[in-house]
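The values are calculated or read from the model by the stated rules, or taken from the named source; none is laboratory data. This one's a predicted model, so the numbers in the text were calculated from it and none came from an experiment. Positions of Cβ are backbone-derived with ideal geometry, glycine not excepted, and every protein chain shown enters the neighbour counts. We work out accessible area using only protein heavy atoms, side chains counted, and drop any ligands, DNA or RNA first. Shrake-Rupley method; radii C 1.70, N 1.55, O 1.52, S 1.80 Å.
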Amino acid sequence: MMLCRICHEEEDDNSSSMEAPCSCSGTLKFAHRGCIQRWCYEKGSNVCEICLQKFEPAYPAALPSPAKLPLIDTVVVIR
Ligand SMILES: [Zn+2]
Ligand SMILES: [Zn+2]
């Protein structure tokens, strides 16, 4: 039986939605992929706070937000 370290819900062994994204072991080893992704968004980080290993496979650390994109020249020059 695996336990998600983030939402603490149990998962059957035959489920494929659980991942072991870092070097943590024991009860902290597994988490849902969706839960890890949400954690990354909330923390703005994709590095485990416990073992300090970057989550694998790579998770984006931030939501793609238009507000965070570099400002591109959108000024319309009125002639
Ligand atoms: Zn979960
Ligand atoms: Zn870890």
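How many of the residues making up the range 2-22 are away from ligand 1 (no atom under 14 Å from the Cβ) and open to solvent by 70 Å² or more (accessible area, probe 1.4 Å)?
Summing the residues that are away from ligand 1 (no atom under 14 Å from the Cβ) and open to solvent by 70 Å² or more (accessible area, probe 1.4 Å) in the range 2-22 gives 2.
What's the total number of residues in the range 31-44 that are within 12 Å of ligand 2 (Cβ to nearest atom) and open to solvent by 30 Å² or more (accessible area, probe 1.4 Å)?
Selection size over the range 31-44: 1.
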